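Heads up: the structure comes next, in structure tokens.
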Amino acid sequence: MNNSQRSGQRSPATARDTERSRARRAELIAIGRKLFADTSYDALSMDDIARHADVAKGLIYYYFKNKRGYYLAIIEESVAELVVRSDSDTGLPPAERVRRTIDGYLRYAQHHQAAYRTIITGGVGFDTEVHAIRDGVREAILTTIAHGAWGRGEIQLVTRMALIGWMSAVEGVTLDWLAHQELPRETVQALLVRMLGDALRAIEHFGPSCPAPVPGS
């Protein structure tokens, strides 16, 4: 047993192999994001994916076990940037932070349409893992709204219910917009911001401890 094994540390060679493995996995996910950007899950076979990635099909199985595992990894990687964006720009005024969050949401949906539809509609059949990814995105955005409106993430049940209703409307509006795209993104963003304002005023009516922010603040 060598010194690195005795100390529990990875050898330089092992560390390099791990780094290469991570880089290779990331490369395959990046390729998959492009492939699935506007193509449904069923439209691409593993042979198609391997051919586009210029790798042996076995390599994809090695990293992701199967097509579904590969697809879920792509979705998780794609939405990660959306979740990070919703937690960023904390130094901005609340109203501007909300506008940027909604704009980032719409940009993501516009540029990752197939993945977005999969997340919102539940994946292939009733896919609990895809639903979990969607719920994570919802929670991140609701937390952003709550912090921006009231300076805290914990909210009352009626407040949460109203925001979930608004989030469901956001998803429905976004899906319809993607189907037609006759309106510019900025118009859809303004519509969703206005709808949020209405929801916040309704929340104030039922829960005075959550007053609606002053417009423009």
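The values are calculated or read from the model by the stated rules, or taken from the named source; none is laboratory data. Bear in mind the structure is a predicted one, so any value in this text is a computation, not a measurement. Virtual Cβ from ideal backbone geometry, glycine too; neighbours counted across all protein chains shown.
Name the one entry in 88, 78 that is modelled with pLDDT under 80 and buried (at least 18 other Cβ atoms within 10 Å of the Cβ).
Selected residue: 78, the only one of 88, 78 that is modelled with pLDDT under 80 and buried (at least 18 other Cβ atoms within 10 Å of the Cβ).
Pairs please, first residue from the range 179-190 and among the polar types (S, T, N, Q), second anywhere and surrounded by 11 or more Cβ atoms within 10 Å (Cβ to Cβ), Cβ atoms under 9 Å, 6+ apart in sequence or on different chains.
The qualifying pairs are 181/110; 189/99; 189/102; 189/103; 189/105; 189/106.
List pairs: first in the range 55-82 and of a type in the set (Val, Ile, Thr), second modelled with pLDDT of 85 or more, Cβ under 7 Å, 6+ apart or cross-chain?
Pairs that qualify, where the first residue is of a type in the set (Val, Ile, Thr) and the partner is modelled with pLDDT of 85 or more, are 60/28; 60/46; 60/49; 60/50; 60/70; 74/29; 74/32.
Mind listing just one residue for me: the one in the range 191-214 that is assigned to a loop (DSSP other than H, G, I, E, B) and touching a helix residue (DSSP H, G or I) at 6+ places or on another chain (Cβ under 7 Å) and, of those, farthest from residue 159 (Cα to Cα)?
Result: 213.
Pick from 68, 51, 25, 33: which is surrounded by fewer than 14 Cβ atoms within 10 Å (Cβ to Cβ) and in a helix (DSSP H, G or I)?
After applying the criteria, what remains is 51.
Which members of the range 8-22 meet the condition of being surrounded by 12 or more Cβ atoms within 10 Å (Cβ to Cβ) and either modelled with pLDDT of 85 or more or among the aromatic types (Phe, Trp, Tyr) (or both)?
Scanning the range 8-22 gives a single hit, 21.
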